[in-house]
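Please read the structure below before turning to the comments.
Just so you know, all these numbers are worked out from the coordinates, no wet-lab data involved. The structure displayed is predicted, hence computed values, not measured ones. Note that we place each Cβ from the backbone using ideal geometry, even for glycine, and neighbour counts take in every protein chain shown.
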Amino acid sequence: MNLDTKKSDPAMDERLQSRTIVLVGLMGAGKTTIGRRLAKTLHMVFVDADTEIEAAAGCSVNDIFERHGEPEFRRGERQVVARLLKEAPHVLATGGGAFIDSATRQLIKKKAVSIWLRADLELLLTRVQKRDTRPLLRAGDPKEIMMALMAERYPIYQKADIIIDSVDGPHNTVVRNIIKELTDYYSKSQS
Ligand code: S3P
């Protein structure tokens, strides 16, 4: 592991790499960006579930929502996440609704360690406004939609194994916090 604050512990590194790490949380929480860095630090493969869904469908997430609707997207998402969770341990960034789907959530809880990247409203909005790739936010005022999603989803994201505040600032700080919490999590589950 390449973190300046921690001495390398090969046994713990092996433990950290032994299970798929699934990042959950709202759009804009930083699942993809943080996930990539986390994977690099832990020398694990990074996979983005939405990219895999797009590859399987042969079109963008926006197009799937437009052509087939959200239930069909969720069905595809369930299948893709189930397939990925059968693969070798990796870091998996999921779309914001994946962990909300009870079948997908149960599978993640069973086969992986889940991390909720929690972020405040202002940060989420600043980040999602950079790109128009989120069909759910096209249906009205992004701030209102995001607030409704927070109210609806936060009690469910809370079921993740680990909760990390995704703060504005250097991504390495968030990655370091994740590794610290993961280390505690595995230390506890060992004892
Ligand atoms: C969704 C989040 C998106 C994508 C789809 C639906 C959601 O992923 O899966 O637009 O339900 O919150 P990101 O969280 O990566 O933006």
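Descriptive notes on the structure:
- Span from the region 124-144 Cα centroid across to the region 80-95 one, whole angstrom: 25
- Cross-link partners of residue 159 among lysines (Cα-Cα below 22 Å; sequence separation of 8 or more within a chain): 31, 86, 109, 110, 111, 180, 188
- Of the trypsin sites (Lys or Arg not before Pro) in region 111-191, those whose Cβ has at most 11 other Cβ within 10 Å and which sit in DSSP loop: 130, 131
- Proximal charge balance of residue 117 [Cβ under 10 Å; K/R count +1, D/E count -1]: +1
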